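Q: Can you keep this structure in mind? I'll have questions shortly.
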Amino acid sequence: MKILVTGGLGFIGSHVVVELQNEGFEVVIIDNLSNSSEKVLDGITAITGKQAIFEKMDLRDKDKVQDFFKRHHDVLGVIHFAASKAVGESVEKPLLYYENNLNTLIYILQELSKKESSHFIFSSSCTVYGQADTLPITESAPIKVAESPYGNTKQIGEEIIKDTCKILNNLNAIALRYFNPIGAHETAKIGELPIGVPQNLVPFITQTGIGLRDQLSVFGDDYPTEDGTCIRDYIHVVDLAKAHVAALKRLIDGKNQTNYEIFNVGTGKGSSVLEVINAFEEVSKQKLNYKIVGRREGDIISAYADTKKANEVLGWRAESSLNDALLSAWNWEKKIRE
Ligand code: WQD
């Protein structure tokens, strides 16, 4: 069975390709290499021993997308990661985000709508909830007004899929709302490759640990939480990748209850920034240099998933602990700096 993974050389995409190949799927990757490198393909092959088909392509080119689906008419399903994902950048460049994140989604759905039957997994985000009123967050939590164009593209993307699935009975879709993906494959052959100064907490921590950054700035310790720092649900990227395979199999096996379903994908456990720092010091066996600074604009106080639906309906559960994930991130950081 041939599966297209767009953005398949990215952080989450590459880990999903590994899990798909481990399950015997044939994988075609489309990536425009704007936020990844072709070397990631070697890492994937080194892990699985299998060679995915790779096509460098920008999905904003509608003709190229149409041509791809003509050439790969046997694509059974699509897992769609290709999108711009930096919250701060999206505020500076809204049109780039709306064009890249929405046009590409529309062009792919247009091609899938022509097929007799197809399966579609959408990379969504807990960012659609904003600051939820109730924790842990369930899939029925209200969608808040997006805090950034990036978050808005995830909300609009879900609406586009929902409206399309309403009128098409040949398209089955699942949106996975990720919490905070961290870590790397246990082989340290693939992992997160942030370009420039990392925006996210864990890569900044590991780069500080390795000496690439002098000091981590903790964005605020005056929040209404136990230790004053923000709480998030940090999920090992391999656990997240396995959730994609579970979702795809659910659709292929026809187990979905409707042709558009949504699942939160997290551990169900919230960790504060200081707890993450302490866990990193424990697994790396070294102190981390950090200082408390002012709050970061747009940060929500606390978010962690209610994982009941994913556990009981999707039949998937996160298996790795925060320490496991941080150790894998640390091993990866050390490997790429060798
Ligand atoms: C986590 C916590 C920061 C960096 C973002 C996107 C989300 C998803 C994941 C794409 C916060 C604190 C961070 C630092 C810090 N991306 N922090 N110092 O903001 O929860 O989610 O990335 O889908 O959509 O919004 O993740 O890792 O940036 O921050 O103190 O140098 O770490 O304030 O409390 P976030 P994050």
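Q: Which pairs have Cβ atoms under 8 Å, sit 6 or more apart or on different chains, and link a residue in the range 314-329 that is closer than 27 Å to I210 by Cβ and in contact (Cβ under 8 Å) with a residue 60 or more places away in the chain to one that is outside any helix (DSSP H, G or I) and open to solvent by 50 Å² or more (accessible area, probe 1.4 Å)?
A: L322/K269; S328/E186
Q: Among the residues of the range 167-184, which ones are touching a Leu at 6+ places or on another chain (Cβ under 6 Å) and away from the ligand (no atom under 12 Å from the Cβ)?
A: The answer is L171, N172.
Q: Also, quick follow-up: Given the conditions (1) open to solvent by less than 20 Å² (accessible area, probe 1.4 Å); (2) in contact (Cβ under 8 Å) with a residue 60 or more places away in the chain; (3) not hydrophobic (A, V, I, L, M, F, W, C), and given that N169 satisfies all but one, which numbered condition is not satisfied?
A: (1)
Q: Is it the case that some residue within the range 53-70 is under 23 Å from A173 (Cα atoms), of a type in the set (A, V, I, L, M) and touching a Gly at 6+ places or on another chain (Cβ under 6 Å)?
A: Scanning the range 53-70, I find no residue that is under 23 Å from A173 (Cα atoms), of a type in the set (A, V, I, L, M) and touching a Gly at 6+ places or on another chain (Cβ under 6 Å), so the answer is no.
Q: Let me ask something else. Just to be sure, is P194 farther than 28 Å from K309 by Cα and under 17 Å from the mean Cα position of the chain (by Cα)?
A: On the way: farther than 28 Å from K309 by Cα: yes; under 17 Å from the mean Cα position of the chain (by Cα): yes.
Against the criterion (farther than 28 Å from K309 by Cα and under 17 Å from the mean Cα position of the chain (by Cα)), P194 qualifies.
Q: Collect the residues in the range 114-128 that are within 14 Å of L251 (Cβ to Cβ) and small (G, A, S), keeping them in residue-number order. Steps first, please.
A: First pass over the range 114-128, keeping only residues within 14 Å of L251 (Cβ to Cβ): 115, 117-122.
Listed by number, the residues that qualify are S117, S118.
Q: Follow-up. Could you say which residue among G24, G43 is open to solvent by less than 60 Å² (accessible area, probe 1.4 Å), among the small types (G, A, S) and closer than 23 Å to I182 by Cβ?
A: None of the others qualify; the one that does is G43.
Q: Still on this structure: Quick one: in the range 102-129, of everything that is of a type in the set (S, T, N, Q) and more than 11 Å from the ligand (Cβ to nearest atom), which residue is surrounded by the most Cβ atoms within 10 Å (Cβ to Cβ)?
A: T104
Conditions (1) outside any helix (DSSP H, G or I); (2) at pLDDT below 95; (3) buried (at least 22 other Cβ atoms within 10 Å of the Cβ), marked per residue:
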| site | (1), (2), (3) |
| --- | --- |
| V5 | yes, no, yes |
| L9 | yes, no, yes |
| G13 | no, no, yes |
| Q51 | yes, no, no |
| L59 | yes, no, yes |
| D67 | no, no, no |
| I79 | yes, no, yes |
| A82 | yes, no, yes |
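Q: Moving on to the next point. Looking at K50, K85, K70, can you tell me which residue is among the basic types (K, R), within 30 Å of E116 (Cα to Cα) and touching a residue at least 24 places away in the same chain (Cβ under 8 Å)?
A: Numbers: K85 fails: within 30 Å of E116 (Cα to Cα); K70 fails: touching a residue at least 24 places away in the same chain (Cβ under 8 Å).
That would be K50, the only listed residue that is among the basic types (K, R), within 30 Å of E116 (Cα to Cα) and touching a residue at least 24 places away in the same chain (Cβ under 8 Å).
Q: Continuing with the same structure: Which condition number does Q110 fail, the rest of (1) within 24 Å of N256 (Cα to Cα); (2) in contact with a helix residue (DSSP H, G or I) (Cβ under 6 Å, 6 or more places away or on another chain); (3) of a type in the set (S, T, N, Q) being met?
A: (2)
Q: Here is a follow-up. Restricting attention to the range 300-321, report how many residues are over 17 Å from the mean Cα position of the chain (by Cα), under 14 Å from D233 (Cα atoms) and either within 16 Å of the ligand (Cβ to nearest atom) or of a type outside the set (D, E, K, R) (or both).
A: Residues in the range 300-321 being over 17 Å from the mean Cα position of the chain (by Cα), under 14 Å from D233 (Cα atoms) and either within 16 Å of the ligand (Cβ to nearest atom) or of a type outside the set (D, E, K, R) (or both): 4 in total.
Q: What are the pairs, 6+ residues apart or on separate chains, where a residue within the range 292-303 that is closer than 19 Å to A132 by Cβ has its Cβ under 8 Å from a residue that is near the ligand (Cβ under 9 Å from one of its atoms) and part of a strand (DSSP E or B)?
A: Listed by first residue and then by second, the contacts come to R295/F219; R296/F219; D299/F219; I301/I231; S302/I231; S302/R232; A303/I231; A303/R232.
Q: How many of the residues making up the range 130-166 are open to solvent by 20 Å² or more (accessible area, probe 1.4 Å), within 13 Å of the ligand (Cβ to nearest atom) and small (G, A, S)?
A: Going through the range 130-166 one residue at a time, the tally reaches 1.
Q: Any idea which residue in the range 194-214 is nearest to the ligand (Cβ to nearest atom), counting only those that are surrounded by fewer than 20 Cβ atoms within 10 Å (Cβ to Cβ) and within 18 Å of K39 (Cβ to Cβ)?
A: Residue satisfying both the conditions and the ranking: P194.
The values are calculated or read from the model by the stated rules, or taken from the named source; none is laboratory data. Model, not experiment: these values are computed from the prediction. Ideal geometry is used to build each Cβ from the backbone, glycine not excepted, and the neighbour counts take in all protein chains shown. These accessible areas exclude ligands, DNA and RNA; they are computed on the full protein's heavy atoms, side chains included. Shrake-Rupley method; radii C 1.70, N 1.55, O 1.52, S 1.80 Å.
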